[in-house]
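J.: Dropping the structure in here first, questions after.
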Amino acid sequence: MTLIRDIREADATAWRRLWAGYNDFYATSVPIDVTEHTLRRLLDPTSAMIGRIAEREGRVVGFSVSVLHESSWTSSPTCYLEDLFVDPNVRGAGLGRALVQDLIDLGRARGWARLYWHTQADNERARRLYDSFVEADSFVRYRVTL
């Protein structure tokens, strides 16, 4: 059985392990001070960041990191699913689906206007999952590093 829940302080070591795997998957690295700042925000109930954990048989095996924000297009908050990762050893068991559905359910319960996310165009496995929820739109992302 899979449990999706808020991240807790006791999850910090497991989250860091999964976060490192997430960074490895994308062949990138996030500086340790940024990682620790992110973790502190996820654990802070007043932060706009939302940290959710997938737990299976008492073991942390996945996470989602989202940011709740205002929008000029809606009168209710919008949620951006920034990061989602499942331990490669347990992929294919529906954990990614459960993490996305969890945010949909939270959003409906909390009155969010929408949930959105993006992924790399060649991330076929993730896109198959995401396409089962909603069709991708036609927007192209631009990013300026400051």
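The values are calculated or read from the model by the stated rules, or taken from the named source; none is laboratory data. From a predicted model like this one, the values you see are computed outputs, not experimental measurements. With ideal geometry, Cβ positions are generated from the backbone for all residues, glycine too; neighbour counts draw on all protein chains shown.
J.: Please go through segment 95-125 and pick out each residue that is surrounded by fewer than 15 Cβ atoms within 10 Å (Cβ to Cβ) and more than 18 Å from Ser71 (Cα to Cα).
T.: Within segment 95-125, Gln101, Asp105, Ala109, Gln120, Ala121, Asp122, Asn123, Glu124, Arg125 qualify.
J.: Report the residue count in segment 87-116 for those that are free of Cβ contacts under 8 Å to residues at least 60 places away in the same chain, among the hydrophobic types (A, V, I, L, M, F, W, C) and within 20 Å of Arg5 (Cβ to Cβ).
T.: 8
J.: Now for a separate question. Go through Ser138, Ser47 for me and flag whichever is assigned to a loop (DSSP other than H, G, I, E, B), modelled with pLDDT of 95 or more and of a type in the set (Ser, Thr, Tyr).
T.: Numbers: Ser138 fails: modelled with pLDDT of 95 or more.
Criteria check complete, one pass: Ser47.
J.: Across segment 111-135, what is the number of residues that are hydroxyl-bearing (Ser, Thr, Tyr), in a loop (DSSP other than H, G, I, E, B) and out of contact with any Lys or Arg (no Cβ under 7 Å at 6 or more places or on another chain)?
T.: Looking only at segment 111-135, we keep the residues that are hydroxyl-bearing (Ser, Thr, Tyr), and these are 116, 119, 130, 132.
Filter again for in a loop (DSSP other than H, G, I, E, B), leaving 119, 132.
Narrowing the set further to residues that are out of contact with any Lys or Arg (no Cβ under 7 Å at 6 or more places or on another chain) leaves 132.
Total satisfying the criteria: 1.
J.: Here's a follow-up. Please work out which one of (1) part of a helix (DSSP H, G or I); (2) farther than 27 Å from Val30 by Cα; (3) in contact with a strand residue (DSSP E or B) (Cβ under 9 Å, 6 or more places away or on another chain) is the condition Arg108 fails and give its number.
T.: (3) is the only condition that Arg108 fails.
J.: Which count do you get for residues in segment 1-35 that are surrounded by fewer than 11 Cβ atoms within 10 Å (Cβ to Cβ) and touching a residue at least 40 places away in the same chain (Cβ under 8 Å)?
T.: Within segment 1-35, the subset surrounded by fewer than 11 Cβ atoms within 10 Å (Cβ to Cβ) is 1, 9-10, 13, 27-28, 31-34.
From what's left, touching a residue at least 40 places away in the same chain (Cβ under 8 Å): 1.
Total satisfying the criteria: 1.
J.: Looking at Glu36, is it acidic (Asp, Glu), in a helix (DSSP H, G or I) and either modelled with pLDDT of 95 or more or closer than 20 Å to Arg127 by Cβ (or both)?
T.: On the way: acidic (Asp, Glu): yes; in a helix (DSSP H, G or I): yes; either modelled with pLDDT of 95 or more or closer than 20 Å to Arg127 by Cβ (or both): yes.
The answer is yes for Glu36.
J.: Oh, and also: Inspect segment 55-69 for any residue being under 19 Å from Thr2 (Cβ atoms), in contact (Cβ under 8 Å) with a residue 24 or more places away in the chain and either in contact with a Pro (Cβ under 7 Å, 6 or more places away or on another chain) or of a type in the set (Lys, Arg) (or both) and give the result as yes or no.
T.: Within segment 55-69, one or more residues are under 19 Å from Thr2 (Cβ atoms), in contact (Cβ under 8 Å) with a residue 24 or more places away in the chain and either in contact with a Pro (Cβ under 7 Å, 6 or more places away or on another chain) or of a type in the set (Lys, Arg) (or both).
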